[in-house]
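Single-structure report; data block below.
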Amino acid sequence: MLRLTVAFLFAAAVALIVATPQQCEAQARMTTEEIITKLIENVPPLQNPLGGALPIRGSRLEGWLPEDDDQAREVLRALDARGLAMCARITPGNEDVMAEALRMGHLQEELGLQVGVHASRAMYGFFNGDESTAHLADDGTPFFDDTFSSRKMGCPFRLEHRKDDIKAQFRSFLDLYREAGIDIDFLYLDWEIDGPIEWNGAWEHSKRCTVCRENVPDIENFNVFQDTLREIRSDLQRECCVEVVQEYAPDALIGNYATNPHGGTRYWYDYFEVLPEGAPFVADQQAKYRRWYHEFEPSGYTFANPVVYTWYATWSWYPAWDNDDYRWFYNLLKVGTNAGRHTPQDVPLITWLHWHTTAPPKDAPPVPQMSEWAYQELIWHLYLRGSDGLMMWCTAEETVKEITLMTEVLDEVLAYREFVSAGEPVIFHVPNGPGTVVSALRLGDRLLVRRTDFTDSQAPVRRRVGDRMVEIPRMDGEAMLIDLKSCPIAD
């Protein structure tokens, strides 16, 4: 009945056609209405309802509802039944956009759903192109760093005067929510190319800047340079976003893309990041893992938001392995484990995902796509290593497939809801070659276990959990419940 009703509501939605280049171009310009329509038509409702578990949010689940309130309510209910949640996309100062955001919030509260907000535009931009934020040469000439995509990056020590403007951008929409009596439950940022960043040409530009040299006396030491910039970046996020939002919504979950607890290393590069010459790294085949600053804690965010993406270069980093899937899986599991192992149990961990090969350079040779099987196994292991929820970024044409793969696993995981909500991750080993991967959540004396094999081995494997030695048989595509009391005490 729901499928028919939604189809009736959106009968004008354009069919997704893959044929000529012109049609592909039109496909890439799908509207949010068309995307949401296709999701509801093609993604089945969960068999195991969310029941308080975190929904899937993402870049294509934002900013639109039908104009008719009854139809809008039906869309929100339909998405919720599929484990999905809408966010309002905030544009400070845009009255039409903010009116729609408040309307969405009212309807979400009315239906007992969380009010979600994507507030990236309120956080941009500290570096706004004004010369008051520029680096200063020895002769006083202002200059910018143009090695970060299209944004002109300036001096990290000349941003103090920008704080009030950024705070005002947050207050401009937070005041509207307060006046409307709407409580924000979830707010996220995708704040990346702005503020102090140590990669690309930043180090070299700062060495030329009199202000930077004055504030970083040991500027030739990259680690010192990195720590100094990230300390400023953390302060900007806490003062201008988190503390302001908490004045209005003290219990809201607040987080930023790629900001999460970790073990001191980052295993991936965003599309705009390049390792500067002379910066330290740890080699793993052709991968160069970077030292990373502990930014999450001083930023004050209330949920961790790691990024587990199939970045184009990742597959090529591990030529020693013939198993294409493990060349993806290995790095992605290292990233997810890095966050899961170090995020406290009381801090929600919401992981960004993308399955289609991410950000391939224009005209670059294709690399093998990670299989659907391996990707869904990865999602299982992320849940069993500490992820509490998922987010997704993808292109418009990828949306239905991406979300289908995610919701299929979510539905299976929700059959063990008590483990996901209260279980403790206890196995974090990442094999340094194609082999057997095991993850588990412990709840009392029970384990929820997933075993994934990248070889033909059928033999049981053994893992130590607490004082017990657990034997885990091969059971492809299935989760296992194991009673720890029945396992032998470990030597």
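When the stretch 64-80 is filtered for residues that are out of contact with any helix residue (DSSP H, G or I) (no Cβ under 6 Å at 6 or more places or on another chain) and assigned to a loop (DSSP other than H, G, I, E, B), the ones remaining, listed by number, are 67, 68.
Can you tell me which residues in the stretch 247-264 are assigned to a helix (DSSP H, G or I) and buried (at least 16 other Cβ atoms within 10 Å of the Cβ)?
Scanning the stretch 247-264 gives a single hit, 248.
Taken together, the residues in the stretch 168-184 that are part of a loop (DSSP other than H, G, I, E, B) and over 18 Å from residue 121 (Cα atoms) amount to 4.
Cβ-Cβ contacts under 6 Å between residues 6 or more apart (or on different chains), taken from a first residue in the stretch 369-386 that is of a type in the set (Gly, Ala, Ser) to a second residue that is assigned to a helix (DSSP H, G or I), are listed as 371/325; 374/325; 374/329; 386/340.
Select, from 326, 271, 293, the only residue that is assigned to a helix (DSSP H, G or I) and not charged (D, E, K, R). So that I can check it myself, show each step before the final result.
Working: 271 fails: assigned to a helix (DSSP H, G or I); 293 fails: assigned to a helix (DSSP H, G or I).
Going through 326, 271, 293 in turn, just one is assigned to a helix (DSSP H, G or I) and not charged (D, E, K, R): 326.
Of all residues in the stretch 96-110, those that are closer than 16 Å to residue 61 by Cβ and touching a residue at least 60 places away in the same chain (Cβ under 8 Å) have Cβ atoms under 7 Å from Cβ atoms of residues that are crowded, with 18+ Cβ neighbours inside 10 Å and of a type outside the set (A, V, I, L, M, F, W, C), 6 or more apart or on another chain, in 105/177. If the condition is being in contact with a Lys or Arg (Cβ under 9 Å, 6 or more places away or on another chain) and part of a helix (DSSP H, G or I), then the stretch 123-167 contributes 132, 133.
Per this entry, residue 404 is not counted among residues that are outside any loop (DSSP other than H, G, I, E, B), among the β-branched types (Val, Ile, Thr) and closer than 18 Å to residue 324 by Cβ.
Note on the stretch 81-93: among residues that are of a type outside the set (A, V, I, L, M) and assigned to a strand (DSSP E or B), the one that is surrounded by the most Cβ atoms within 10 Å (Cβ to Cβ) is 87. Filtered by the rule that a residue be in a strand (DSSP E or B) and either touching a strand residue (DSSP E or B) at 6+ places or on another chain (Cβ under 7 Å) or under 20 Å from residue 373 (Cβ atoms) (or both), the stretch 437-451 gives 437, 438, 439, 440, 441, 442, 446, 447, 448, 449, 450, 451. Considering every residue within the stretch 185-194, establish whether at least one is touching a helix residue (DSSP H, G or I) at 6+ places or on another chain (Cβ under 6 Å), in a loop (DSSP other than H, G, I, E, B), of a type in the set (A, V, I, L, M, F, W, C) and without any contact (Cβ under 8 Å) to a residue 24 or more places away in the chain. No, the stretch 185-194 contains no residue that is touching a helix residue (DSSP H, G or I) at 6+ places or on another chain (Cβ under 6 Å), in a loop (DSSP other than H, G, I, E, B), of a type in the set (A, V, I, L, M, F, W, C) and without any contact (Cβ under 8 Å) to a residue 24 or more places away in the chain.
Only one entry of 319, 344 meets the criterion of being touching a Pro at 6+ places or on another chain (Cβ under 8 Å), surrounded by fewer than 19 Cβ atoms within 10 Å (Cβ to Cβ) and at pLDDT 95 or above, and that entry is 344. Looking at the stretch 452-466, is at least one residue touching a strand residue (DSSP E or B) at 6+ places or on another chain (Cβ under 6 Å), surrounded by fewer than 15 Cβ atoms within 10 Å (Cβ to Cβ) and closer than 23 Å to residue 50 by Cβ? Within the stretch 452-466 (the criterion being touching a strand residue (DSSP E or B) at 6+ places or on another chain (Cβ under 6 Å), surrounded by fewer than 15 Cβ atoms within 10 Å (Cβ to Cβ) and closer than 23 Å to residue 50 by Cβ), the answer is no, since none of the residues qualifies.
Is one or more of the residues making up the stretch 357-369 surrounded by fewer than 23 Cβ atoms within 10 Å (Cβ to Cβ) and in a strand (DSSP E or B)? Yes: one or more hits.
Return yes or no: is residue 303 touching a residue at least 40 places away in the same chain (Cβ under 8 Å) and surrounded by fewer than 22 Cβ atoms within 10 Å (Cβ to Cβ)? First the steps, then the outcome.
Working: touching a residue at least 40 places away in the same chain (Cβ under 8 Å): yes; surrounded by fewer than 22 Cβ atoms within 10 Å (Cβ to Cβ): no.
Answer is no for this residue.
Among the residues of the stretch 11-58, just one is in a loop (DSSP other than H, G, I, E, B), surrounded by 18 or more Cβ atoms within 10 Å (Cβ to Cβ) and at pLDDT below 75, namely 13.
Residues checked against (1) closer than 13 Å to residue 268 by Cα; (2) touching a residue at least 60 places away in the same chain (Cβ under 8 Å):
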residue	(1), (2)
312	yes, no
325	no, yes
334	yes, yes
342	no, yes
360	no, no
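Inspect the stretch 195-208 for any residue being surrounded by 18 or more Cβ atoms within 10 Å (Cβ to Cβ), among the acidic types (Asp, Glu) and at pLDDT 95 or above and give the result as yes or no.
From the stretch 195-208, those surrounded by 18 or more Cβ atoms within 10 Å (Cβ to Cβ) are 195-200, 202-203, 205-206; that's our starting set.
Checking which are among the acidic types (Asp, Glu) leaves us with 198.
Imposing the further condition that a residue be at pLDDT 95 or above reduces the set to 198.
Checking the stretch 195-208: at least one residue is surrounded by 18 or more Cβ atoms within 10 Å (Cβ to Cβ), among the acidic types (Asp, Glu) and at pLDDT 95 or above.
When restricted to residues that are aliphatic (A, V, I, L, M) and touching a strand residue (DSSP E or B) at 6+ places or on another chain (Cβ under 7 Å), the stretch 301-324 contains 3. Of all residues in the stretch 266-279, those that are surrounded by fewer than 17 Cβ atoms within 10 Å (Cβ to Cβ) have Cβ atoms under 7 Å from Cβ atoms of residues that are among the small types (Gly, Ala, Ser) and in a loop (DSSP other than H, G, I, E, B), 6 or more apart or on another chain, in 271/359; 272/149. Here residue 217 clears all of (1) at pLDDT 95 or above; (2) assigned to a loop (DSSP other than H, G, I, E, B) except the condition numbered (1).
The values are calculated or read from the model by the stated rules, or taken from the named source; none is laboratory data. The shown structure was predicted, so the numbers you read here are calculated from the model rather than taken from an experiment. Every residue, glycine among them, receives a Cβ derived from its backbone with ideal geometry; neighbour counts consider all protein chains shown.
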